[in-house]
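Visitor: Have a look at this one.
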Amino acid sequence: NPARNRMFIESSIIEFSLSFSDMEDLIKDSREAFSDIQASFHWVPADGEPPMIAGAILDRLGPEVSALSKKRIGLVPHARYPLKECPLKTYIDFSKRLLQEGYEPVWFWDPERPLEMGRDEMEGHRVIQAPLKEVALEMSGCRVIVAGDTGLAHLAAAVGRPVISIFGSTVPEFGYTPIGRHSIVEVDLPCRPCHVHGAKWCWMGHRLCLEEIDPDVLIQHVRLLA
């Protein structure tokens, strides 16, 4: 399989292709989400203990909550640019494998896009179409988030969730990898990278950087990170 599997813990400098106002809104919503989660769990930090992000709170709540969050795997199928999005079929096949292995797929669907899956395809799934604050709260209840090179991958990292990051037209070397615990799935091709932020169309006409992402490889990464 041409997909490279890489797993490591890393702190990165992250560059966002968002306006300053968008970034301010993202940070504000994320901070509010963390405050809501901490308040609902009545968590008070000990003297000298740093504030806990949402994912760390979940991990300390005990076996019942930990077991619940372990069953949920978040899927982020959308991105700003088409060459950062895997084919929907790849995500659907991957979600079917998740169900077979006892996980609950949680789709973080772009609120501005219509749902493109039928009732049969969605059986056993949860779909979240919500503002960023609610997305952050829901992500904090997932064991792993699977996403392309997009802003929600960084939001997942911000709430302390491991991220399986899929790179197509861009590459991790640009500095866009999520902070914290994450793995990278990508296909080695001589035409990559073709754009620093992603692109609207493939200049080679084949989109192999995304078409060849294997759901079985994604399952392997879930087993390692979940």
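Every read-out reported here was derived from the displayed coordinates using simple, explicitly stated rules and does not represent laboratory data. What you are looking at is a predicted structure, and each value in this text was computed from that prediction instead of being measured. In this analysis, Cβ positions are derived from the backbone assuming ideal geometry, glycine residues included, and neighbour counts consider all displayed protein chains.
Visitor: For the range 147-226, run through the trypsin sites (Lys or Arg not before Pro) and keep only the ones in DSSP coil with at most 16 other Cβ atoms within 10 Å of their Cβ.
Guide: Of the trypsin sites (Lys or Arg not before Pro), the ones in loops of the range 147-226 whose Cβ has at most 16 other Cβ atoms within 10 Å are Lys200.
Visitor: For labels at Met204 and Leu88 in the simple 7 Å Cα→Cβ model, what's the distance in nm?
Guide: 2.6
Visitor: With r defined as the distance between the Cβ atoms of Arg223 and Lys96 and R0 fixed at 22 Å, what FRET efficiency is calculated, to the nearest 0.05?
Guide: The computed FRET efficiency comes out at 0.85.
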